[in-house]
Amino acid sequence: MLLSFSTLACPNWSFPQIVGAAAAHGFNGIDPRGIGAEIDITRLPRFNEELPATLDLLARHGLRMPCLNTSVVLVTPAQERWEMMLEEARRYADLAQRAGSLYLRIFGGAVPKGVTREQATALARRHLRQLSKLCASHRCQVLIETHDEWAASERMLQLLEGFAPAEAAVLWDIEHACLRGEAPAETARALGSRVRHVHFKDVAIRQGKGVPRLLGQGELPLKEFLAALRGIDYDGWICLEVEKRWHAEDAPDPEESLPQFVKYMRENWGGREKK
C-alpha cells in the first residue's frame with residue numbers, strides 16, 4: 001500500500017507546506033492538482049525551470065508524485081479545443097518524464113447534446129489512441145478516471161475496447177460508480193488489473209452529488225471498497241481526494257483530513273505498507 005493525497009485537499013497551502021505535511025503524516029507521495037490559485041501546475045515555475053529544486057525537496061522527504069492530474073477530456077468534438085487539450089497533455093507528459101511520474105489522469109467526458117453515445121465513444125477512442133502514444137513516448141501511462149459518462153465499469157470497458165492494459169488503464173474514483181448504483185466488488189471484478197490508481201474519499205450525498213466528509217462520516221461503503229481492492233490483489237497507490245478546492249466551506253480542513261486518512265488506512269488495510 002502506497003499512500004498519497006491530492007492537493008485539492010489543501011488549496012491554500014504553499015508547496016513546501018504540502019511537502020512538510022506529507023512527510024510529517026507518513027505519506028509516500030503527493031498527487032498535484034493545483035497549487036494556490038493555479039490549477040495547471042505545468043504553468044508554474046516550480047514545475048518548469050525550478051523543477052530540479054522541487055524534485056530535490058521531494059526526494060529529501062522520501063516523496064514521489066505518482067499521478068499528474070490533467071483537465072484533458074476525451075469527448076471534445078471541436079478540433080481547435082482538442083488541440084488545446086493535446087497541448088496540455090504534452091506539457092504534463094513532459095513533466096511526468098522529467099519527474100518520474102507513473103501516470104497522467106484524464107477524463108472521458110460527458111456526451112454532448114446532439115451526439116450519440118456510440119459517436120462519443122468512437123471519438124473518445126480516437127483521442128485516447130493519440131494520448132496513449134504520447135504517454136508511451138514519455139515513459140508514463142494514461143489513466144481514465146471513472147467519472148461522468150464513464151463512471152460505471154460497463155461503460156469504461158466499452159471505451160477501452162481495443163486497448164491493452166499497458167496502453168490505457170483506469171483511475172478508480174470510488175465515489176462516482178457508487179453513485180450510479182454499482183457495488184465496489186462489481187467494479188473491482190470488472191476492471192481488475194486495469195485499475196492502476198485509486199482516489200479514496202468519503203462524501204455525503206446531497207441532491208445526487210457528493211459533498212466531502214472525513215472518512216467514516218459520509219455515505220460511501222469504505223470498507224467494502226478496501227475489501228474489493230484486496231480481492232483483486234491491488235498493490236498500488238491509494239490517493240486521498242478531498243475536494244476542498246471546490247467545496248471550501250463544506251470540506252474538512254487538511255490539518256484534519258490528511259492524518260485521519262493515514263490512520264484509517266493503517267487500521268483498515270491490514271497494516272501492509274510499502275516504502
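If you go through the stretch 66-82 one residue at a time, do you hit one that is among the aromatic types (Phe, Trp, Tyr), at pLDDT 95 or above, closer than 26 Å to residue 30 by Cβ and surrounded by 15 or more Cβ atoms within 10 Å (Cβ to Cβ)?
No, there is no match, as no residue in the stretch 66-82 is among the aromatic types (Phe, Trp, Tyr), at pLDDT 95 or above, closer than 26 Å to residue 30 by Cβ and surrounded by 15 or more Cβ atoms within 10 Å (Cβ to Cβ).
Of everything in the stretch 169-190 that's closer than 11 Å to residue 232 by Cβ and without any contact (Cβ under 8 Å) to a residue 40 or more places away in the chain, which residue is nearest to the chain's Cα centre (by Cα)? Break it down stepwise before answering.
Of the residues in the stretch 169-190, the ones closer than 11 Å to residue 232 by Cβ are 172, 184-185, 187-190.
Subset that is without any contact (Cβ under 8 Å) to a residue 40 or more places away in the chain: 172, 190.
Working: 172: 8, 190: 19 Å.
For the stretch 169-190, the residue satisfying everything is 172.
Counting only residues that are of a type in the set (Val, Ile, Thr) and more than 18 Å from the chain's Cα centre (by Cα), which one in the stretch 116-168 is surrounded by the fewest Cβ atoms within 10 Å (Cβ to Cβ)? Walk me through it before giving the result.
Initial filter on the stretch 116-168 (of a type in the set (Val, Ile, Thr)): 116, 121, 142, 144, 146.
Narrowing the set further to residues that are more than 18 Å from the chain's Cα centre (by Cα) leaves 116, 121.
On the way: 116: 9, 121: 20.
Selected residue: 116.
Can you tell me which residues in the stretch 97-109 are within 19 Å of residue 48 (Cα to Cα) and outside any strand (DSSP E or B)?
Result: 97, 98, 99, 100, 101, 102.
Examine the stretch 227-245 for a residue that is part of a helix (DSSP H, G or I) and of a type outside the set (A, V, I, L, M), and state whether such a residue exists.
yes
Could you check the stretch 112-136 and list, in sequence order, the residues that are in contact (Cβ under 8 Å) with a residue 24 or more places away in the chain and either of a type in the set (Gly, Ala, Ser) or over 21 Å from residue 78 (Cβ atoms) (or both)?
120, 124, 132, 135, 136
The values are calculated or read from the model by the stated rules, or taken from the named source; none is laboratory data. In this text, all values refer to a predicted model and were calculated from it rather than measured experimentally. When we count neighbours, we look across all protein chains shown, and the Cβ atoms used for this are built from the backbone with ideal geometry, even at glycine.
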